[in-house]
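Down below is the structure, laid out as structure tokens.
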4 protein chains.
Amino acid sequence: MAELSINFYSNTLHRNTTFKMVIPNDKRLDGFPPVENGTIEEKPMKTLFLLHGYTGDAGNWVPFWLPEQYNFAIVIPSGENSFWLDAEATGHQYATYIGAELVDYVRRTFGLAKSREDTYLMGFSMGGFGALHTAFQFPETFGKTAALSSALIHHEVATMQPGGGNNIANYEYYRGCFGDPSKVLESDANPETLVKKIIAGKGKMPEIFMACGTEDFLIENNREFHRFLEEQKVKHVYMESKGIHDMNFWQEYAAKFVPMMFGE
Amino acid sequence: MAELSINFYSNTLHRNTTFKMVIPNDKRLDGFPPVENGTIEEKPMKTLFLLHGYTGDAGNWVPFWLPEQYNFAIVIPSGENSFWLDAEATGHQYATYIGAELVDYVRRTFGLAKSREDTYLMGFSMGGFGALHTAFQFPETFGKTAALSSALIHHEVATMQPGGGNNIANYEYYRGCFGDPSKVLESDANPETLVKKIIAGKGKMPEIFMACGTEDFLIENNREFHRFLEEQKVKHVYMESKGIHDMNFWQEYAAKFVPMMFGE
Amino acid sequence: MAELSINFYSNTLHRNTTFKMVIPNDKRLDGFPPVENGTIEEKPMKTLFLLHGYTGDAGNWVPFWLPEQYNFAIVIPSGENSFWLDAEATGHQYATYIGAELVDYVRRTFGLAKSREDTYLMGFSMGGFGALHTAFQFPETFGKTAALSSALIHHEVATMQPGGGNNIANYEYYRGCFGDPSKVLESDANPETLVKKIIAGKGKMPEIFMACGTEDFLIENNREFHRFLEEQKVKHVYMESKGIHDMNFWQEYAAKFVPMMFGE
Amino acid sequence: MAELSINFYSNTLHRNTTFKMVIPNDKRLDGFPPVENGTIEEKPMKTLFLLHGYTGDAGNWVPFWLPEQYNFAIVIPSGENSFWLDAEATGHQYATYIGAELVDYVRRTFGLAKSREDTYLMGFSMGGFGALHTAFQFPETFGKTAALSSALIHHEVATMQPGGGNNIANYEYYRGCFGDPSKVLESDANPETLVKKIIAGKGKMPEIFMACGTEDFLIENNREFHRFLEEQKVKHVYMESKGIHDMNFWQEYAAKFVPMMFGE
């Protein structure tokens, strides 16, 4: 399984950034070396964009045998602690970075992620929020999205006051990511806003896979968003099982959702 | 010359980050392999912290023969487009990241940068601003600092209004880095404030090396800070010569200042 | 847990090479930032040198929570398909690279692996052979060694004829690693030769931990070496359990041997 | 300019290996973000395979502005000290690795190096030998090759006796790379053999660019090969100028040959 590290200039972020990739295109070939200038038959490969959580950076956490088994590449960007949102400050447009520029760059450089049908998203925690939000902001780009233990904290952020915040970060941090908290619920930083826009515009809705551990401190946030989707009659898979906010849960559900997303 | 890439969890940034190092400790040794459990005599090595400019990231631009010739290691952090300042938002304390946490981490991990006398700073453009500002914020930590073509734009930022900005970035970007622009001049984001504090507290002043090209769009900003230092009777080296805001000028002055900083 | 990649010039290999490290020295600290120029109390850390198998390269396979739990760094070299032996050809001295040069470099650069008491080895397959052989070649350097599913094929190599080989590689390959096969058993490429030399010289014997899966194709080779150690009255831990030649077995026994090696 | 590091399993080398790439496909785009699912027009890009010298590894030494200016990607493999030859030992087939497997892998993964007309080679010292030899071994694959200060030492190797060698490496080393020295001149390790085969088979000859410094210790070897090509009536560019065996000469001639190879 080939592992890549790519440093490039992002027009969206206004700076160089590094992302990683996993491409299962180096299996042992019978009869190597091939005839010179010959061709190797290849199956088309789907691509999964993988979003990390708060405190994390580009690093692969998908169980290692899945990309080969289900024939998909993984693209793993670094999003700092951005909540994967388009903020107001120049160069802080992380949703556009993922959903427009990086997809486009991967398409041009690797010939991967060529259509909505083979371009998927997955993330956990802050990256679970991002997996939902980015898919709703770019519903023509992503065909499926999987959100694990998602930090769906937009309602909490909406109540924050200057000088406040929560036990993770302060008001200025959340304002920098989500914009003015008092306007979050109406803004495009709220995934609910985006879902309603897709419905109103009769747009394509990505296929949605959600999971959260019953002992996770974010369980009520996930249940609330699950109810929202039901109210909006948005088809989605929602699963709960015993678990906390940790890597064990995320690897368990990566292994559960990948076959549902990539299998026939 | 050994080249290192180090990914670690920064308490200051609240996330994983990657920095690079160059350590000239792999010269060819006569008589290798040495006697087992023998010792190799080593000269103590100084350390240069290197700050990149706007749009950049961790990458070495010091001419390659200098670290060996003058026996110093280089530490090269990534500062995104932070202006290397302590901003208000949780995790955006880049000055503290460089001046306290990273110095401390390098000291503990490599036994380098152990004292003010062997811990220096250098940067260009945004990193030139950072090289001055960080040295003034941590004057007990850095003995010398070199600032090339420095983006000393604090007076310009101080005039910015909501909805404004300049042709590089918008108001929200500068507010995120410098804090409320209307309060910048009195704040610690202003390197002049820090210089005055050191003088008032009779603290140690780092040795200062400044240079700017006469065709650089930042030449007047650099002349203004040069005059400020003269007014404050702060000893410093200031040089101008023909040049624009580009890598040729920075490599020329890296090669000029390194012998002045590291030579006997 | 800090992850490092280090590229340096190896005098032994006559070329640049890259090794990786894991150092659990970036835990979250209470009260950061520390007092300037203050000190952080640290426990001394042991170091594990980790040797990969045939077809592999530098990559960490030790379960991720162990280094923090048992407070040890990991050094992970690339040995190509060298069998970690000192071959005759210039630059192919892999045993000396690991047992003398790399230990020395890590000691000088990181202050780690300072004594035999905190310098251990572990490997699987070809790296299991290397973990035993290198520890026996440098018994003053390594205090403990763990060898999993070890490719103890020196007796098989000794029977190889020009034009021959086995289903893994040809005669010229084995000749390049082990030297002339017809002289292997008397040579220092044979770990048994080295064990006898240590005993004859009344030298220190590293503590030995061996394991092999009962379904592994190398099980008889491991049993044979286990009997050899018993005959030589060399104290060692030897374990067998159900398992094949795969990562599941190696992670299981890494998790079993690390507490035995690093625990009190 | 995007910089990539790619680790993959090489069937030829029988192990994981890492190569680097430079792709100038991240220039700033006017009007970003583009229309969703829109397309960006691109010029087709040629590809240069870059071979390092003895003691080196994958690292870019082409002056940084050339790939953008002449619109070509660079692929930079690590060849250890192999002389880029197909040796007898399993997994030591470096010529086939470069000329068949890596070209094929780059073609499949990046859509680059699709035809002989856009697939070029360049190297210095041992890599200059490799640039000539590999192009002659795969003349249908490489359209042009540039060889700087080439270590064309096949005639010297042919005279080596067991126990001998030269001041760089011993007999066993050269035997491992070139095969039995006494048979080198007739073998495919001799680039002259390959040139004669192409001529005899009326095959396509790559365009050849050679240069060597007049103070280089390899100058006579280069003059000798130049005469050989003239005798064989093989069209080629041959240049000499003041210079020794160092990076200054290689960067000077990279900057001289790239426009000749990639310009219209």
Check your understanding: How crowded by other chains is D:10-21, given as the mean number of beta carbons from other chains within 10 Å of each beta carbon?
Key -> 5
Exercise for review: Excluding residues on the same chain fewer than 8 positions from residue D:114, give the aspartates and glutamates whose Cα lies under 20 Å from its Cα.
Suggested key: A:26, A:36, A:41, A:42, D:41, D:42, D:68, D:101, D:104, D:140, D:207, D:264
Practice item. Once you've got the Cα coordinates, tell me which of A:27/D:235; A:20/C:242; C:46/C:202; A:197/A:242; A:46/C:256; D:204/D:242 are over 31 Å apart. Key: A:27/D:235; A:20/C:242; A:197/A:242; A:46/C:256; D:204/D:242
Revision key, fill the gap. For the rotation taking chain A to chain C, the chain A residue with the nearest C-beta to the axis, plus the distance in whole Å, reads A:5, 5
**Study point:** Estimated [θ] at 222 nm from DSSP helical runs (n ≥ 4, -39500 (n - 2.57)) normalised by residues in the protein assembly as shown, nearest 500
**Key:** -8500 deg cm²/dmol
Practice item. Determine the dipole magnitude for region B:163-264: charges of +1 sit on the beta-carbon of Lys and Arg, -1 on that of Asp and Glu, nothing else is charged, the reference point is the Cα centre, and the result goes in debye to the nearest 20. Key: 440
Review point. Once the Cα atoms of helix B:247-262 and of chain B are each reduced to a long axis, what angle between those two axes, in degrees from 0 to 90 to the nearest 10, is obtained?
Key: 60
Exercise for review: For chain B, find the longest principal axis of its Cα atoms and tell me its angle to the long axis of helix B:191-200, 0 to 90°, nearest 10.
Suggested key: 80
Review point. Roughly how many debye, to the nearest 20, is the charge dipole of region D:79-173 about its Cα centre, given +1 on each Lys and Arg Cβ, -1 on each Asp and Glu Cβ, and no other charges?
Key: 340
Revision key, fill the gap. DSSP beta bridges in chain A: the antiparallel percent, rounded to 5, is 35
Review point. For region A:210-222, what does the Karplus curve 6.51 cos²θ - 1.76 cosθ + 1.60, with θ = phi - 60°, yield as ³J(HN,Hα) per residue in whole Hz, taken in order and with x for Gly and Pro?
Key: 10, 8, 8, x, 6, 9, 6, 5, 9, 4, 5, 4, 6
Practice item. Compute the distance in nm between two label points, each set 7 Å from the Cα along the Cα-to-Cβ direction, one at residue A:223 and one at residue A:168. Key: 1.9
Review point. What are the distances, in nm and sorted shortest first, from the label point of residue B:223 to the label points of the same position in each other copy, with each label point placed 7 Å from Cα along the Cα-to-Cβ direction?
Key: 5.8, 6.9, 8.8
Check your understanding: If we sort C:113-123, A:139-149, A:155-165 on the protection proxy, mean other Cβ atoms within 10 Å, highest first, what's the order?
Key -> A:139-149, C:113-123, A:155-165
Point to revise | Spacing of the two label points (7 Å from each Cα toward its C-beta) at residue C:215 and residue C:202, in nm | key: 4.9
Check your understanding: If you place +1 on the Cβ of every Lys and Arg and -1 on the Cβ of every Asp and Glu, how big does the dipole about the Cα centre of the protein assembly as shown come out, in debye to the nearest 20?
Key -> 0
Exercise for review: Compute the label-point distances linking residue B:115 to its equivalents in the other copies; points lie 7 Å from Cα along Cα→Cβ; give nm, one decimal, shortest first.
Suggested key: 2.8, 6.7, 6.9
Exercise for review: List the distances, in nm to one decimal, from the label point of residue A:199 to the label points of the same position in every other copy, shortest first, placing each label point 7 Å from Cα along the Cα-to-Cβ direction.
Suggested key: 6.4, 8.0, 8.0
**Study point:** Simple spin-label estimate for residue C:183 and residue D:159 in nanometres, 7 Å along Cα-Cβ
**Key:** 2.7
Practice item. With a cut-off of 14 Å, note down the residues of region C:194-209 whose backbone N falls inside the zone around a label point 7 Å from the Cα of residue C:231 toward its beta carbon. Key: C:194-196
Exercise for review: Taking H placed 1.01 Å from N in the peptide plane, check which residues at least 5 places from residue C:207 or on another chain put their amide H under 5 Å from its amide H.
Suggested key: C:144, C:145
Practice item. Per residue of D:172-181, count partner chain C-beta atoms within 10 Å of its C-beta, then hand back the mean as an integer. Key: 3
Practice item. Give the shape of the protein assembly as shown as rounded, prolate or oblate, defined through the alpha-carbon gyration tensor: a ≥ b ≥ c are the square roots of its eigenvalues, a/c under 1.5 means rounded, and otherwise the shape is prolate if a/b is larger than b/c and oblate if not. Key: rounded
Practice item. May I ask which residue of A:83, A:61, A:45 lies farthest towards the positive end of the charge dipole of region A:43-115, with charges of +1 (Lys, Arg) and -1 (Asp, Glu) on Cβ and the Cα centre as origin? Key: A:45
Practice item. Pull out a ≥ b ≥ c, the square roots of the eigenvalues of the alpha-carbon gyration tensor of region D:90-131, then state rounded if a/c is under 1.5, prolate if not and a/b is larger than b/c, and oblate in the remaining case. Key: oblate
Review point. Can you pull the Kirkwood radius for region C:98-212, inverse mean 1/r over Cα pairs, to one decimal in Å?
Key: 15.0
Revision key, fill the gap. Charge tally for neighbours of residue B:225 with beta carbon under 15 Å away, counting Lys, Arg as +1 and Asp, Glu as -1, is -3
Review point. How would you classify region A:159-243 from its alpha-carbon gyration tensor, with a ≥ b ≥ c the square roots of the eigenvalues: rounded for a/c under 1.5, else prolate if a/b is greater than b/c, otherwise oblate?
Key: oblate
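Here, each number is a calculation from the coordinates, and none is a lab measurement. Source: prediction; values computed, not measured. Don't worry about glycine lacking a Cβ; one is built from the backbone with ideal geometry, like all the others, and counts go over all protein chains shown.
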